[in-house]
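Report on the structure given below.
The values are calculated or read from the model by the stated rules, or taken from the named source; none is laboratory data. Quantities reported herein were computed from a predicted structural model and do not represent experimental measurements. Positions of Cβ are generated from backbone atoms using ideal geometry, with glycine treated the same way; all protein chains shown enter the neighbour counts. The protein model used for the area step is the full one, side chains on, heavy atoms only, and it has no ligands, DNA or RNA in it. Shrake-Rupley method; radii C 1.70, N 1.55, O 1.52, S 1.80 Å.
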Amino acid sequence: MRKVLIMEDEDSIRSFVVINLRRAGYDVMEARSGEEALELLKDNPDTRVALMDIMLPGIDGFEVCRRVRATNSRIGIIMLTARSQEMDKVTGLMTGADDYVTKPFSPAELTARVDALFRRSGGEDPTSTGEIRQPPFLMNTRNRTLEKNGERVKLTQVEYSIMRYFMENPGKALSREDILDRVWGRDYFGDLKIVDVNIRRLRLKIEDNVQNPLYITTVWGFGYKWGF
Ligand code: CA
């Protein structure tokens, strides 16, 4: 069971999360308050990831996070924060959350974060299933293949290695040096431009619009980020 919980009092955000996570194959439970979330988690101890809004009527997200963490070290917890809540991020992480997502967030960012935590929480070990699922992408690390919307994307070995590095680090800015080290190896004395050349070709294969890349974004003066 790919069981996750969303705790959010705002109906529009909650339904947005529910729709997108169901689409990504998760079994989603909804809570409108902290009290409701604690009840649901008590009845469903096999829940692997919980998304928690911070500002709620009744007990707030931090307190829910703290109480859940006191008895459950395995569940992955993602705090949902508003842009104005910069400090909340820090406090949220200190009270035992694993990650946070800033509102507004895209469906791709949301599912990538949940997938990453789900794998880390032991829900789906990529080495046993061989799959990294980040809709619309699905990577099979055994066959070294990539699909987008169910269709095979033909990649060179180098392109595959770059994609795998990206998909293992969703939302993280990766420097050209990191990519070069990881894909070509530390002993490689080539030019950093080889990274850009391969990224350009990779974009042609996986982006809907190469002029306006959505998945592989450029981090100016630094490197690249696996999207969203
Ligand atoms: Ca709220």
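Taken across the stretch 54-66, residues that are under 16 Å from VAL114 (Cα atoms), within 13 Å of the ligand (Cβ to nearest atom) and at pLDDT below 95 do not occur at all. With respect to the conditions (1) more than 12 Å from the ligand (Cβ to nearest atom); (2) in a loop (DSSP other than H, G, I, E, B); (3) open to solvent by less than 60 Å² (accessible area, probe 1.4 Å); (4) more than 16 Å from ASP98 (Cβ to Cβ), THR47 lacks only one, and its number is (4). Go through the stretch 13-37 and give me each residue that's buried (at least 19 other Cβ atoms within 10 Å of the Cβ) and outside any helix (DSSP H, G or I). ALA24, TYR26, VAL28, MET29, ALA31, listed by residue number.
The combined condition, being under 27 Å from ILE132 (Cβ atoms) and aromatic (Phe, Trp, Tyr), is fulfilled by PHE16.
Only a single item in (1) modelled with pLDDT under 95; (2) assigned to a helix (DSSP H, G or I); (3) out of contact with any Pro (no Cβ under 8 Å at 6 or more places or on another chain); (4) not acidic (Asp, Glu) is not met by ARG142, and it is number (2). Of the set (1) of a type in the set (A, V, I, L, M, F, W, C); (2) in contact with a strand residue (DSSP E or B) (Cβ under 6 Å, 6 or more places away or on another chain); (3) within 14 Å of the ligand (Cβ to nearest atom), all apply to ILE13 but (2). Just one of the numbered conditions (1) within 13 Å of the ligand (Cβ to nearest atom); (2) more than 18 Å from the chain's Cα centre (by Cα); (3) at pLDDT 95 or above is not true of LEU40: (1). Does PRO104 meet the test of being assigned to a loop (DSSP other than H, G, I, E, B), at pLDDT 90 or above, within 16 Å of the ligand (Cβ to nearest atom) and open to solvent by 50 Å² or more (accessible area, probe 1.4 Å)? No, not satisfied. For the stretch 166-215, the set of residues classified as in a loop (DSSP other than H, G, I, E, B), acidic (Asp, Glu) and open to solvent by less than 60 Å² (accessible area, probe 1.4 Å) consists of GLU207 only. Considered as a group, the residues in the stretch 1-10 that are more than 19 Å from ASP99 (Cα to Cα) and within 15 Å of the ligand (Cβ to nearest atom) include one that is most open to solvent (accessible area, probe 1.4 Å), and that residue is GLU10. Do we have any residue at all in the stretch 157-166 that's of a type in the set (A, V, I, L, M) and closer than 30 Å to PRO45 by Cα? No, because not a single residue in the stretch 157-166 is of a type in the set (A, V, I, L, M) and closer than 30 Å to PRO45 by Cα.
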